[in-house]
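Only one structure is covered here, and it is reproduced in the block below.
The values are calculated or read from the model by the stated rules, or taken from the named source; none is laboratory data. In this text, all values refer to a predicted model and were calculated from it rather than measured experimentally. Cβ atoms come from the backbone with ideal geometry, glycine included; neighbour counts cover every protein chain shown. Accessible surface areas use protein heavy atoms only, side chains included; no ligands, DNA or RNA. Shrake-Rupley method; radii C 1.70, N 1.55, O 1.52, S 1.80 Å.
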Amino acid sequence: MAVLYAAPTTRVINQQVKAQDNTWALDLQTVINKANPGDVIELLPGDYVAPVVIAVSGTKDKPITIRGPKQGRARMEGGRTREQGRSGGMKPTDGDFAFIKIFHAEHIRIEGLAFDNCWPSSIFVRSAQNIEIRNCSGRGSRYFVYARQTKRRDTKGITLDGVNWVQDRHFEMWQGKVTWKDVKAKPGHIDNSFFNGAMFGSFDIKGDVTIRNCEISHAFNAIRMDIRAKRIKGTKDEPRITRNRKVRVYNNKFSFIRDNAVEPEVGAEDWAIYNNHFFNCHAAMSLDGVAIRDYVIIGNWFLNTERPGGRPKQKNTGGKIFKFLAPPELTDNMEPAPRKGLWSVFNSVQARTNYAVEGRSRQWSDRYTLMGLYAKEHPVEPAPLQQVFELMTWTEGMEVAEMVTNEPCFPQKYSAQGGQVAGQRVSGPVFEASQFDYKLCAPLGGWNGKLKRTDAVKGFRSSAFKIKRKTGKSLIFRTGLPYGASPVADLGLKDI
């Protein structure tokens, strides 16, 4: 293994070690091209302005590591304006700008780099495998990472660990200076579509993606993974999805997400979303029109305290935790997508939004949720208490069991509407009041991530049950678990 040095400009490093020659630090592209399996490329502090391509590979035992300096900061300065982020649209390709492009490479680690003004993408991946991006930061890009593949070679084994990404560094979307329709570039609105991306985006990749320990804030979307419709196989009740498979999202912090936090498109199989914190996300779980096989949402904490967009109220600010398929009259009579194995269990929610609204799903099983409700316009004006569900179209495959909430008419109101909804209501708050110094620039807005159960709900305990999965082991939950979110280890789960 060799340590190679890169610098914004070619320079000599004095090693100050006897019997050791001085070492040249070359430009980053040259050093990448010279790297062999097991080598470490260390960047000297400074601003790097020349984009690079990675087409060399490490091995499983000897990855190639590209890392930032031990002291100071190596900043990848794209020098791009956000208006240039419109190029490539929602699905950037090889010719669109990215500061680092990874083509057909394997076993690459990128650590401790900062990316600024890299529109549309900071990192673009094509048909690469076993790529790990750790402890990097990004400010200002349509996508932090965007991934695609070719017919001949899959993209898989992508890990984002400890990434800190802020898309909208001036908080314009959350404060309402840029509206939802601006980002969607609707007719008659300013074209701010450069925000319509995500920290991680992909199109039609095999999968095996892990996103963990990341902080994503002030973005339109956080995770958005799309596939082609022809990847949906099987039947309506026994679907199989051949792309967008094996995705794990855990221990992340999502804050001030203007549209969707976690959004598979078209299809998803073998996904697990667990032990994440969601603060003021317009829609945390977007699942409308998505074919699903084995998708579990376990042990997450959701706190939603205010509308996006500021005052007066803008459109598209109502929000919800779950986004399902809208009614037929709003979707050209579209039928719910094939689904089996969609579960949400042991989650804690305190929100000014509905749990779900105007939704249809072929199948959904929800259990042991603690659902605390604020007033609809919390905290700015008096209003009636929010409802758990609103304008739902209940199907036979949708079931909500053993939910506990402070909504007065729960669950009878929804049972009368034809929903399989069961649980308990409590007369007081579900969670103790969350007091914190609210800041737009702080992780989770300053919230410590805790939703402390009140005495009214502490005594509720679960029954034993099992979630069977087509891929992977069944998830077995013992009896006596507290309702609401807990670390998955406390729920008895080791391998998800």
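Consider the range 306-327 and keep the residues that are open to solvent by 30 Å² or more (accessible area, probe 1.4 Å) and in contact (Cβ under 8 Å) with a residue 40 or more places away in the chain. The one that is nearest to D237 (Cα to Cα) is K323.
Just one residue in the set R240, R248 is modelled with pLDDT of 95 or more, open to solvent by 10 Å² or more (accessible area, probe 1.4 Å) and within 23 Å of A128 (Cβ to Cβ); that residue is R248. Scanning the range 422-435 for residues that are open to solvent by less than 60 Å² (accessible area, probe 1.4 Å) and either on the phi > 0 side of the Ramachandran plot or touching a Gly at 6+ places or on another chain (Cβ under 9 Å) (or both) yields G423, V430, F431. In summary, R153 fulfils each of the numbered conditions (1) open to solvent by 30 Å² or more (accessible area, probe 1.4 Å); (2) under 30 Å from D191 (Cα atoms); (3) charged (D, E, K, R) with the single exception of condition (2).
Restricted to the range 36-61, and to residues there that are hydrophobic (A, V, I, L, M, F, W, C) and open to solvent by 10 Å² or more (accessible area, probe 1.4 Å), the residue that is farthest from C118 (Cα to Cα) is V40. Please indicate, with yes or no, whether at least one residue in the range 196-216 is assigned to a helix (DSSP H, G or I) and either over 17 Å from I158 (Cβ atoms) or open to solvent by less than 50 Å² (accessible area, probe 1.4 Å) (or both). Taking every residue of the range 196-216 in turn, none turns out to be assigned to a helix (DSSP H, G or I) and either over 17 Å from I158 (Cβ atoms) or open to solvent by less than 50 Å² (accessible area, probe 1.4 Å) (or both).
Annotation for the range 440-450: no member residue is over 25 Å from T353 (Cβ atoms) and of a type in the set (G, A, S).
When you scan the range 273-288, how many residues do you find that are on the phi > 0 side of the Ramachandran plot and open to solvent by 10 Å² or more (accessible area, probe 1.4 Å)?
Counting residues in the range 273-288 that are on the phi > 0 side of the Ramachandran plot and open to solvent by 10 Å² or more (accessible area, probe 1.4 Å) gives 1.
Kindly establish whether K450 is among the basic types (K, R), modelled with pLDDT under 95 and either within 24 Å of the chain's Cα centre (by Cα) or in a helix (DSSP H, G or I) (or both). Judged against the criteria, K450 is not a match. So A50 fits all but one of (1) more than 26 Å from Q149 (Cα to Cα); (2) without any contact (Cβ under 8 Å) to a residue 24 or more places away in the chain; (3) among the hydrophobic types (A, V, I, L, M, F, W, C); what number is the exception? The number of the failed condition is (1). May I ask you to say which residue of V17, V12 is assigned to a strand (DSSP E or B), open to solvent by 60 Å² or more (accessible area, probe 1.4 Å), at pLDDT below 95 and at negative phi? Selected residue: V12, the only one of V17, V12 that is assigned to a strand (DSSP E or B), open to solvent by 60 Å² or more (accessible area, probe 1.4 Å), at pLDDT below 95 and at negative phi. Residues satisfying the criterion are present in the range 62-75 (criterion: in contact (Cβ under 8 Å) with a residue 24 or more places away in the chain, touching a Pro at 6+ places or on another chain (Cβ under 7 Å) and basic (K, R)). Cβ-Cβ distances below 6 Å connect the following pairs, each with a first residue in the range 355-366 that is assigned to a loop (DSSP other than H, G, I, E, B), a second residue that is among the small types (G, A, S), and a separation of six or more residues or different chains: E358/A326; R362/G397; Q363/G397. When R228 is tested against (1) over 21 Å from the mean Cα position of the chain (by Cα); (2) surrounded by fewer than 20 Cβ atoms within 10 Å (Cβ to Cβ); (3) modelled with pLDDT of 95 or more, exactly one condition is not met: (1). For first residues located in the range 437-465 and within 30 Å of F171 (Cα to Cα), partners that are modelled with pLDDT of 95 or more and among the basic types (K, R) and lie 6+ apart or on another chain with Cβ distances below 9 Å form the pairs P443/K253; L444/K253; G445/K439; G446/K439; G449/K253. Any residue at all in the range 257-272 that is buried (at least 24 other Cβ atoms within 10 Å of the Cβ), at positive phi and not hydrophobic (A, V, I, L, M, F, W, C)? No, there is no match, as no residue in the range 257-272 is buried (at least 24 other Cβ atoms within 10 Å of the Cβ), at positive phi and not hydrophobic (A, V, I, L, M, F, W, C).
Within the range 462-496, the set of residues being assigned to a loop (DSSP other than H, G, I, E, B), open to solvent by 40 Å² or more (accessible area, probe 1.4 Å) and hydrophobic (A, V, I, L, M, F, W, C) comprises A464, A489.
Somewhere in the range 83-91, is a residue within 23 Å of the chain's Cα centre (by Cα), open to solvent by 10 Å² or more (accessible area, probe 1.4 Å) and on the phi > 0 side of the Ramachandran plot? Within the range 83-91, one or more residues are within 23 Å of the chain's Cα centre (by Cα), open to solvent by 10 Å² or more (accessible area, probe 1.4 Å) and on the phi > 0 side of the Ramachandran plot.
Which one is surrounded by the most Cβ atoms within 10 Å (Cβ to Cβ), of the residues in the range 156-195 that are among the polar types (S, T, N, Q) and assigned to a strand (DSSP E or B)? Per the stated criteria, the residue is N164.
Are any residues in the range 328-345 over 18 Å from E399 (Cα atoms) and open to solvent by 50 Å² or more (accessible area, probe 1.4 Å), and if so, which ones? Answer for the range 328-345, where residues must be over 18 Å from E399 (Cα atoms) and open to solvent by 50 Å² or more (accessible area, probe 1.4 Å): E329, L330, D332, N333, M334, E335.
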